[in-house]
Amino acid sequence: MDREELEQRNVGENLDALMNLDPRGYGVCRILYEGSRKKTGGPLTMNAAQALCGTVRANAPVFIITGFVLLPHKVPEMDGMVSSMLLARAMVLAFGAKPIIICPEDSKKAVRRCASVVGLHIYEDMESVLGLPLSMGIITFTKDTASARAQAEGILKKVTPSAVISVEAPGANLNGVYHNAVGDDVSELEAKTDVLWDLLRERGILNIAIGDLGNEIGMGTIADHIRRFVPFTGPGECRCGCKGGTLAASSADHIITATCSDWGCYGMIAALSYLKRDMEILHREDLEAELMRVASRNGMIDMTGSLMPGIDGFNTRMNTGIVSLMRQCTAYAVRYSHNSDHWFGPVLEKGFFSEGCDGQKAG
């Protein structure tokens, strides 16, 4: 390990810690993080950001899958949607890429209204998306299992992405049933986007899954760990009668778990800002708050069912606080880490990081 690798690792550690702060105190985020960290072997945020930097190029399409519809009101939640819009912005600023949101019809209005908040034109016509600057796309995906494969194949005939990122998108269990957090069957409410996800993985497309519980696309990556420690996820533990548990069956090559999925996505965006040495890639606090307000006014709800701006029960102040801390930690490393140059060599010589904080030999 050299100086650059040490700094990069520890910026990633900061971001991973921030996205897994546990205000609720019940520990699920820490359970998930232990499993995903063992799988990844290093900071989750930096791992995913490095993968994107090694793959995504200018004008390359990037699929962003999101949109979890909630009971009892049967409307989509803000978690996943807010960060997906900010991720679309980040893909344009970091790479000049062409982000395309893939979501249920329920989310369409909010996505279109939020596009202008993040400064992007939005089109349903993929030719316009690919041909025009400062543009993003939207594709609404079917809730009908029987037609999902055909729609997925039709999408890929028109556009093949360089990467796909899932943010708080529902994933079916091994029995093909989609569940909410406490194990109710919500299959009829959810877009079957994991069918598209699996098809993209079969084709070797870079894939990153972001979740916060285990019932989201890609969380099957750490299936044994989740089933062992997270309630409702194991066989027979859901309450819908399918006996399959809430754990999503789909897997991912890169996984991020966090207290809420949006925070995991922000951590990845912050890591991109660090790697690109451009703090504009990570949004500012006022944009976070404005986007939350616009989303809530256009059909999105908090996990609690509230119509007030909130993400998994956390209000705008909490979310802007997380963004602020991520910005400050990342910006400090980008701008001022040279002030500590005299420390890096002696720290490395002591050998702690050569053995690795995860019990794996580093460097």
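The values are calculated or read from the model by the stated rules, or taken from the named source; none is laboratory data. For clarity, every value in this text was computed on a predicted model and none was experimentally measured. Here the Cβ is made from the backbone with ideal geometry for all residues, glycine too, and neighbour counts use every protein chain on show.
Brief remarks on what is shown
- Filter result (of a type in the set (Ser, Thr, Tyr) and over 20 Å from residue 281 (Cβ atoms)) within segment 112-127: 123
- Pairs are defined by a Cβ separation below 6 Å, a sequence spacing of at least 6 or placement on different chains, a first member in segment 25-40 that is surrounded by 13 or more Cβ atoms within 10 Å (Cβ to Cβ) and at pLDDT 95 or above, and a second member that is of a type in the set (Phe, Trp, Tyr) and in a helix (DSSP H, G or I); the pairs so defined are 31/229.
- Positions within segment 98-117 being more than 23 Å from residue 158 (Cα to Cα) and either of a type in the set (Ser, Thr, Tyr) or buried (at least 24 other Cβ atoms within 10 Å of the Cβ) (or both), in sequence order: 110, 114, 116
- Within segment 226-242, being in contact with an Asp or Glu (Cβ under 9 Å, 6 or more places away or on another chain) and among the basic types (Lys, Arg) holds for 227, 239.
- Filtered by the rule that a residue be within 24 Å of residue 211 (Cα to Cα) and either in contact with a Pro (Cβ under 9 Å, 6 or more places away or on another chain) or touching a residue at least 60 places away in the same chain (Cβ under 8 Å) (or both), segment 143-159 gives a lone residue, 143.
- Per the conditions (1) buried (at least 24 other Cβ atoms within 10 Å of the Cβ); (2) within 17 Å of residue 38 (Cα to Cα), the sole criterion not satisfied by residue 251 is (1).
- Only one of 213, 196 that is outside any strand (DSSP E or B), within 17 Å of the chain's Cα centre (by Cα) and within 20 Å of residue 303 (Cβ to Cβ): 213
- Hey, residue 12 assigned to a loop (DSSP other than H, G, I, E, B), small (Gly, Ala, Ser) and modelled with pLDDT of 95 or more or not: no
- Matching entry among 77, 105, 13 (being in contact with a Ser or Thr (Cβ under 7 Å, 6 or more places away or on another chain), in contact (Cβ under 8 Å) with a residue 12 or more places away in the chain and acidic (Asp, Glu)): 105
- Among the strands (runs of 3 or more DSSP E) confined to segment 74-181, the ones with at least 1 residues that are under 27 Å from residue 51 (Cβ atoms) and touching a His at 6+ places or on another chain (Cβ under 7 Å) are located at 135-140.
- Contact map, segment 331-354: first residue farther than 15 Å from residue 2 by Cβ and at pLDDT 90 or above, second residue among the hydrophobic types (A, V, I, L, M, F, W, C) and in a helix (DSSP H, G or I), Cβ cut-off under 6 Å, separation 6 or more or different chains; pairs are 333/11.
- Single residue of 17, 51 found to be surrounded by fewer than 20 Cβ atoms within 10 Å (Cβ to Cβ), small (Gly, Ala, Ser) and over 30 Å from residue 182 (Cα atoms): 51
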